[in-house]
Every structure is written in C-alpha cells, then in structure tokens.
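Here the structure comes first, spelled out in structure tokens, and everything after it is commentary.
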Amino acid sequence: GHEDFRPRIVPYYRDPNKPYKKVLRTRYIQTELGFHERLFVAVLTSKATLNTLAVAVNKTVAHHFPRLLYFTGLRSAKVPHGMVLVAHGDERPIWLMYETMHYIHQHFGSDYDWFYIMQDDTYAQAEQVKALVTHLSINQDVYLGRAEEFIGGDEQARYCHGGFGYLISRSLLLKLHPHLDSCRNEILSVRPDEWLGRCIIDFLGITCVSQLQGQHYHTYELAKNIEPEKEEEEEFQAALAVHPVSDMILMYRLHRLHKHCSRIQLDRAYQEIQDLQMQIRNLTSLTPAGEAGLTWPVGINAPFLPKSRFEVISWDYFTEQHLFSCPDGSPKCELSGASKADISEIIESALEQLNSRYQPLLRFSKRQLLNGYRRFDPTRGMEYTLDLLLEAVTQKGHSHVLAKRVSLVRPLSKVEIIPMPYVTEATRVQLVLPLTVQDLDFVANFLDMFAMNTLDTHDNALLTLLFIYHPYDAQRVSQVDVFAGVKAMVGELEKRYAEVKIPWISVKTEVPSQVKLMDIVSKKHPVDTLFFLASVWTEINMEFLNRCRMNTISNWQVFFPVHFQEFNPALVYRGEQTASSSTDFLRDGHFDRHSFAEACFYNSDYMTARTKLAADILDRDEVLESMEVFDVFLHYSGLHLFRAVEPGLVQKYALRSCNPRLSEELYHRCVLSNLEGLASRSHLAMALFEQEQANST
C-alpha cells in the first residue's frame with residue numbers, strides 16, 4: 001500500500017534517432033519540482049457593494065491571505081485604494097461566476113494548490129482557512145464547503161453554499177475548465193453557487209462535502225438583528241466562515257469579536273505551554289542525563305556550545321541610553337530605533353515576570369538598569385542578562401532597594417517565507433557610469449571588462465557615460481577636451497561591435513552630486529528602465545548583472561550591493577607575488593560598507609521617490625549636495641532597501657579622490673573608505689614593524 005511513496009531511480013534514455021536538444025534548467029529548484037503557492041482567494045462582489053462590504057473585507061481579513069483578488073461585473077468610477085479588482089463587464093450572477101472561474105484558471109491555475117471562493121457578505125476566519133488547507137492532501141479532487149441540497153434534485157447530490165465560501169483544489173479546477181462553456185450553455189440556474197455545483201456534479205461526478213480527510217468545514221449562520229458579542233464564543237470561534245453579514249458595521253464588529261476570542265485562545269495556549277513545561281520537568285529525571293539535562297527555558301533549545309574559542313558568541317553591553325557595540329564599529333552610540341524599543345520591552349517584561357511571581361507579598365518597581373547584556377544565539381534566539389536596581393514594597397508598605405540579576409530569552413518563532421514578486425533574468429540593464437577628470441586612468445580597464453563580460457557574451461546590457469566637466473575644463477572644451485581619449489575608446493568599441501551604441505551625456509558642475517546627475521539620466525530613459533549605477537573601478541561581470549536583475553523588483557525593492565575592495569598590494573604583498581586563487585583573494589581585501597556608489601533600481605521607483613523629495617525641499621537645491629541616491633530611497637520611498645555583500649563585484653585598489661565641496665558626511669565616508677581600504681590590521685602592523693626595524697638598523 002506504500003509502494004507509491006517509495007523513491008524509484010528512473011534510468012536516463014535518449015532516442016538515438018532524434019536530434020540532441022539541450023535541456024534548459026530552471027533557476028529555482030522549486031520551479032523544476034513543480035511546487036506551487038498554497039492558497040488563492042477570490043472575493044465575489046458587485047458595483048453596489050464594492051465601496052462598502054468589499055472594503056470591509058479588505059480591511060478585516062484581506063491582509064491575512066497571501067493573495068486575494070476581487071471580482072465584479074461592473075466597476076465603480078473609482079476603485080478603493082489597496083484592492084486588486086477584476087471587472088468582467090456584466091452583472092449577471094452566472095456570467096460573473098463563469099468568467100471568474102475562467103480567469104482563475106487562466107492566470108493562477110498553474111501557480112496555486114487551493115482556491116477559496118467567497119462573497120463580500122462573508123466573514124472568513126483567515127487563519128483557520130489557511131490552517132485547513134495545510135491539513136488536506138493536494139492529490140484529491142476537493143470541493144469542500146457547506147453542503148446544501150438542490151431544490152427538487154437528487155438527494156445524494158450537494159452543492160457548496162456560496163455565502164459560506166468553498167474550497168476547490170487545483171486538480172478539480174483543471175478538470176472543470178474544459179466543461180465551463182458547456183455548463184454555461186446547458187445548465188439553467190438563478191444562483192451562481194448552484195450553477196457551479198451542478199456543473200461539477202454533471203461533468204465530474206463530484207459532490208460538495210463538509211468533511212474531508214478528518215477536517216471539518218465549520219460555518220456559523222447569523223440571524224437577523226443579531227448581537228455578535230452575545231453569541232457563543234466557542235461556536236463562533238470554530239467557524240471558518242460567518243454569513244450573512246449585512247453591512248460594514250457588522251463586519252467590523254465580527255472582526256472585533258474575533259480578536260477578543262483569539263485573545264482568550266492565546267491565554268489558553270500560554271496555559272497549555274506551562275502545563276507542558278511542568279510535564280517536561282517531571283519526566284526529566286527519567287532521561288539518561290537526569291535533571292542536569294533540563295535546559296532553561298523549559299522546552300527551548302539548549303544554548304549553542306562552541307567547539308573552539310573562534311565559535312564563542314560574544315555578549316553586547318548596553319545601558320538604557322547607550323549601546324557599546326555599534327553597527328558602524330564605533331565603541332559607543334546612542335540607543336535608538338528598534339534597539340531602544342527592544343530593550344524597553346525586555347525591561348518591562350522582566351518587571352512583569354517578577355511581579356507575577358512574588359505578588360502579593362512583594363511588588364517591584366525599577367529604579368535603574370545597572371548593566372545589560374544581549375547576544376543572538378542562532379540555535380534558540382536572543383538572550384538577555386539584566387542587572388536591575390529594584391525597589392521592593394511589601395504588603396505593609398515597607399520598601400527596600402535591592403539589585404537583582406534576571407535572564408530572559410526571546411525565542412525564535414516559526415520561520416515564514418515572505419512572498420515576493422516574480423522577476424526574471426531577461427531584463428535589460430542600463431549601466432550608468434559617471435566620470436570625472438580624476439577617473440581617466442581607470443576608464444580603459446572598465447571598458448575592457450565591459451566589452452569582455454557583456455558585449456562578447458551578448459548580455460542584455462547597455463552603457464551610458466556621464467562626463468562631468470569642471471567649469472574651467474568646460475570653457476576650454478573646444479581647444480582641449482579632457483575626455484577626448486575616452487570618446488576615442490568608445491568610438492573604437494562601436495567600430496568593433498557594429499550593433500552597439502554607447503551614448504554619453506556631458507555635464508558642467510563643480511560639485512558632482514549623485515542625485516543631480518541621476519536626475520539628468522532619469523529624464524533621458526523610459527520609466528521601466530533598470531539602472532545599474534556603477535563606478536569606474538567596478539569590474540562588470542554576468543554573475544553580478546543577473547543578481548542585479550533578480551534583487552531589483554519594480555515598486556517593491558531596490559538593491560545596493562557592497563562591493564569587495566582589494567587592499568593596497570604594496571602593503572599586503574610587499575614585493576611578493578600576488579594571490580591568484582579565489583580563497584586567497586578574499587583575504588586580500590574587505591567589503592567596503594562606506595561606499596554607496598553602486599546601486600540597482602528602476603527608473604519609475606526613482607522618479608516616485610524624487611518627486612516626494614522635491615516636495616519636501618522645495619527650491620533648496622543645495623540640500624541635494626549632501627544626499628546620495630541611497631538617501632533618496634531610504635527617506636522618500638516605501639520600498640525595501642536590500643543592501644548585501646556582493647562577492648561578484650570586485651574592485652582593484654585605487655586611492656579615491658574625495659571632493660571637499662560635498663557634505664561633511666559624504667566627505668568623511670570617502671576618507672574612511674580610503675583609510676580602511678589600505679590593508680588589514682595585521683598587514684599594517686607588519687609594515688610598521690618592518691619600518692621600525694629598518695630605522696633601527
């Protein structure tokens with residue numbers, strides 16, 4: 001009975017009579033294995049209820065489902081914000097159902113395993129619907145909902161009531177689709193749910209069921225003039241769908257009741273956790289390790305045990321005002337943002353636990369945080385140790401000040417896969433290379449690498465050069481063009497590759513602000529252009545360009561790679577032969593976190609963020625000199641900013657020229673990048689040691 005689940009090795013066989021055809025492998029193993037997303041939700045609405053009930057559904061449960069679309073016959077003049085609406089152009093209920101099923105099959109039939117169809121007068125318990133599909137096998141044809149009898153029909157046949165929603169499996173949808181046209185022409189019905197149920201029964205022989213594979217589809221029917229708060233909590237909480245919801249107010253009241261019931265369930269879950277912890281303590285003495293094997297907190301993984309001193313996880317020290325392990329490497333920084341909220345919550349939780357344990361005999365209040373330590377343990381979560389100065393008050397009102405050390409753990413929760421829009425590697429990348437007079441020595445190497453890794457390989461990438469003239473050089477351009485040599489090299493490339501054109505844009509400025517330069521380039525390209533803002537030291541390769549395409553998502557995410565900067569070979573090798581292997585080269589440099597020169601983003605996203613920036617600064621263009629493109633996206637867009645180390649983006653050592661006309665922060669960052677790019681501490685120490693040895697002799 002279990003032979004179907006045993007793996008079998010299928011021998012490879014190729015017909016010698018057929019020509020060999022190269023097999024194209026997908027980029028993701030999930031695609032090749034045929035994995036699908038789990039649940040798609042369709043909400044049937046109408047023009048009359050789109051701005052009322054449909055909006056209420058969108059505000060209460062829509063954000064709990066991974067993908068939800070609204071289907072209507074006719075649409076209003078203005079679609080409510082945040083709703084994805086599909087209008088079929090006809091308000092007839094049967095036609096709406098037919099077109100909806102056809103649309104779902106055409107656009108989502110190959111992407112999802114389950115399809116949940118509900119009406120806008122249905123309140124669905126989203127978490128329970130998602131839990132239901134995780135317990136059902138996808139190998140069966142499933143038509144699950146509240147089973148109802150047909151009027152005057154076969155007693156055995158049932159259809160799923162549309163008001164309470166129903167679940168259809170992917171396999172059933174694929175089998176049903178070829179018969180939809182026949183059902184539309186042959187089956188007469190007033191109700192769309194009856195029409196769909198009759199279609200499934202007549203052509204597939206499958207009837208609606210309310211119970212399948214040990215899972216029950218519980219529903220709750222609301223009576224007229226009902227008071228939801230007075231309903232039985234357990235019966236309501238067990239229901240996957242509640243119907244009919246007559247107006248928006250009732251929908252919001254149901255949602256509030258659901259939150260109240262969920263809070264009660266959460267308290268019960270905490271009590272169950274305490275009971276399980278007590279059972280673990282009682283059983284620990286029977287284990288081989290005995291009570292010594294009991295970890296704290298009970299039920300949480302034991303702390304990570306390092307096998308050598310290099311694996312020891314260090315603790316970060318903090319107070320209520322400062323951190324002493326800062327992201328920028330400084331020894332002390334002000335406590336703010338998420339870290340401040342995290343530590344405040346931990347202190348409050350510690351006081352709450354102490355009071356719950358010792359009240360009513362003692363009541364604690366915080367005087368001061370003496371010392372704080374935290375570290376992230378990848379096996380269990382974030383660990384905290386707090387030294388608290390507390391004031392303890394007895395029942396008689398006597399107070400005493402004492403210091404107490406407490407330990408807390410914020411355990412790792414269930415890992416979630418965040419849904420991301422799908423992108424491909426076929427997108428054309430538009431490289432933008434700003435050039436100043438100081439960059440002329442490095443242009444030849446950049447163009448050679450661009451030709452070898454993109455033009456020779458026919459990669460879908462284009463290049464635009466941005467010549468930045470100093471006002472003095474711009475006045476003499478007719479006599480002496482400082483970029484004449486670069487233009488000649490571009491001409492040679494265009495002769496060698498007849499189909500390639502490399503345009504350039506000339507700009508005159510004393511302060512080459514990255515934002516101002518990008519404004520000029522943005523206006524000369526379509527809104528759907530994918531930009532890669534490069535630097536002259538960048539060595540372009542296909543591997544990185546593909547990551548640029550995959551990590552940049554229009555209206556969702558921008559990508560700021562951290563390039564690998566090689567150290568000064570004169571300090572690292574001191575006359576010895578340079579390293580050649582990839583493992584050695586990773587020792588001969590560092591990832592330059594001070595540089596934000598490289599960026600991948602779509603023109604439409606930049607234009608949107610730039611418009612918000614313009615409205616904020618008005619006519620104060622001097623503000624742009626203190627900003628980079630990274631700052632524009634960080635402060636004026638709601639996009640994800642993905643910043644990660646990029647081993648495929650390697651730069652040779654070069655001393656950058658830092659423009660003092662830029663803002664103090666940008667200039668300081670440039671200087672730090674130059675200093676940290678000289679060599680590692682060990683290399684610098686060795687160079688100083690050799691210099692002292694030479695001076696002493």
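When the Karplus curve 6.51 cos²θ - 1.76 cosθ + 1.60 is applied with θ = phi - 60°, which whole-Hz ³J(HN,Hα) does each residue of the range 650-666 get, with x for Gly and Pro?
Here the 3J(HN,Hα) series is 10, 10, 5, 5, 7, 7, 6, 8, 9, 7, x, 6, 6, 5, 4, 5, 5 Hz.
Probe radius 1.4 Å, ligands and nucleic acids ignored: give me the carbon and sulfur share of the accessible area of the chain as a rounded percent.
Numbers: 21640 of 40430 Å².
Taking all protein chains in place, the chain shows 54 percent carbon and sulfur surface.
Label 7 Å along Cα→Cβ of H640; the range 89-109 residues with amide nitrogen under 17 Å?
none
Lys/Arg Cβ at +1, Asp/Glu Cβ at -1, dipole of the range 316-411 taken about the Cα centre: which of A392, S336, G372 is farthest positive-ward?
Of the listed residues, the answer is A392.
Would you calculate, for the chain, the mean residue ellipticity at 222 nm contributed by helices, counting each DSSP H stretch of 4 or more residues as -39,500 (n - 2.57) and dividing by all residues, to the nearest 500?
Working: 21 runs with 238 residues, N = 697.
Only helices count here, giving -10500 deg cm²/dmol.
Please figure out what share of the DSSP beta bridges in the chain is antiparallel and state it in percent, rounded to the nearest 5. Walk me through the numbers before you get to the answer.
Details: 57 of 100 bridges.
Looking only at bridges with both residues in the chain, the antiparallel portion is about 55 percent.
Give, rounded to the nearest 20 debye, the magnitude of the charge dipole that the chain has about its Cα centre when Lys and Arg contribute +1 at Cβ and Asp and Glu contribute -1 at Cβ. List each step's numbers first, then the result.
Details: 71 positive and 86 negative charges, 86 e Å.
So the magnitude is around 420 debye.
Could you sort Y317, Y123 by accessible area so the largest value comes first, with the probe set to 1.4 Å?
Working: Y317 65, Y123 0 Å².
From most exposed to least exposed: Y317, Y123.
Among (i) 32; (ii) 41; (iii) 48, which one is percent of Cα pairs over 44 Å apart computed from these coordinates?
Here percent of Cα pairs over 44 Å apart agrees with entry (iii).
Collect residues whose amide H, placed 1.01 Å from N in the peptide plane, falls under 5 Å from the amide H of L463; neighbours closer than 5 in sequence don't count.
Result for L463 returns L431.
Quick one: accessible surface of V10, probe radius 1.4 Å, all protein chains present, in square angstrom to the nearest 10.
110 Å²
Taking all protein chains together and a probe of 1.4 Å, list S110, S637 from the most accessible to the least accessible. Intermediate results must be reported in sequence, preceding the final value.
Details: S110 75, S637 30 Å².
The ordering from most to least exposed comes out as S110, S637.
Taking the Cα centre of the chain as the origin and placing charges on Cβ (Lys, Arg +1; Asp, Glu -1), which of H36, Y317, L613 is farthest toward the positive end of the dipole?
Positive-most Cα among the choices belongs to Y317.
In square angstrom, rounded to the nearest 10, how much accessible surface does R67 have for a 1.4 Å probe?
R67 has an accessible surface of roughly 90 Å² with all protein chains in place.
Hey, can you grab everything whose amide H is under 5 Å from the amide H of Q119? Only 5+ residues off in sequence or another chain; H modelled, so Pro and N-termini drop out.
L44, G165
Quick one: 3J(HN,Hα) in Hz for the range 686-694, Karplus 6.51/-1.76/1.60 with θ = phi - 60°, rounded, Gly and Pro as x.
Karplus values, whole Hz, x for Gly and Pro: 5, 5, 5, 4, 5, 5, 5, 4, 5.
Roughly speaking, what is the stretch gain from T394 to D247, that is 0.36 nm per residue apart minus the C-alpha to C-alpha distance, in nm to one decimal?
Numbers: separation 147, 0.36 × 147 = 52.92 nm, distance 5.33 nm.
Length gained, T394 through D247: 47.6 nm.
How much length is gained on full extension from N17 to A614, taking 0.36 nm per residue of separation minus their Cα-Cα distance?
208.3 nm
Could you tell me which of rounded, prolate or oblate describes the range 316-411, using a ≥ b ≥ c as the square roots of the eigenvalues of the alpha-carbon gyration tensor, with rounded for a/c under 1.5 and, failing that, prolate when a/b is larger than b/c and oblate otherwise? The partial results should precede the final answer.
Numbers: a/c = 2.88, a/b = 1.86, b/c = 1.55.
It is prolate, given that a/c is not under 1.5 and a/b is the larger ratio.
Under a point-charge model restricted to the Cβ atoms of Lys and Arg (+1) and Asp and Glu (-1), what is the dipole moment magnitude of the range 302-361 relative to its Cα centre, in debye to the nearest 20? If you can, show how the numbers build up before the last one.
On the way: 5 positive and 9 negative charges, 63 e Å.
Using only the charged Cβ atoms, the result is roughly 300 debye.
If we sort 183-195, 388-400, 653-665 on the protection proxy, mean other Cβ atoms within 10 Å, highest first, what's the order? Provide the component values of the computation, followed by the final result.
Numbers: 183-195: 16.5, 388-400: 12.2, 653-665: 14.0.
Final packing ranking: 183-195, 653-665, 388-400.
Report, to the nearest 10°, how far helix 542-551 tilts away from the longest principal axis of the Cα atoms in the chain, using its own Cα long axis and a range of 0 to 90°.
40 degrees
Once the Cβ-Cβ distance between L678 and T319 is put in as r, and R0 is 56 Å, what FRET efficiency do you end up with, to the nearest 0.05? Could the numbers behind the result be given before it?
On the way: r = 34 Å, r/R0 = 0.61.
In this case the efficiency is close to 0.95.
With the other protein chains left in place, how much accessible area per residue, in square angstrom, belongs to the chain at a 1.4 angstrom probe?
Working: 40430 Å² over 697 residues.
Accessible area per residue, the chain: 58 Å².
Name the residue from F630, S595, L132 whose Cα lies farthest towards the positive end of the charge dipole of the chain, charges +1 on Cβ of Lys and Arg and -1 on Cβ of Asp and Glu.
The listed residue farthest towards the positive side: S595.
State the Cα centre-to-centre distance between the range 515-534 and the range 337-363 in whole Å.
51 Å
Give the ranking of S246, S339 by solvent-accessible surface, highest area first, calculated with a 1.4 Å probe.
Numbers: S246 90, S339 30 Å².
Putting S246, S339 in descending order of accessible area: S246, S339.
Which parts of the range 275-312 would a label at T379 reach, counting a residue when its backbone N lies under 14 Å from a point 7 Å out along Cα-to-Cβ?
The answer is 293-297, 299-308, 311-312.
Any cysteines in the chain with zero other Cys Cβ atoms under 4.7 Å from their Cβ? List them, or say none.
C261
Name the long-range amide H neighbours of D377: under 5 Å, sequence gap of 5 or more, or other chain; modelled H, no Pro or chain starts.
M382, E383
The values are calculated or read from the model by the stated rules, or taken from the named source; none is laboratory data. Please read all numbers here as calculations on a predicted model, not as lab measurements. Cβ sites come from the backbone with ideal geometry, for glycine too, and all protein chains shown count toward neighbours. The accessibility values were calculated without ligands, DNA or RNA, using every heavy atom of the protein model including side chains. Shrake-Rupley method; radii C 1.70, N 1.55, O 1.52, S 1.80 Å.
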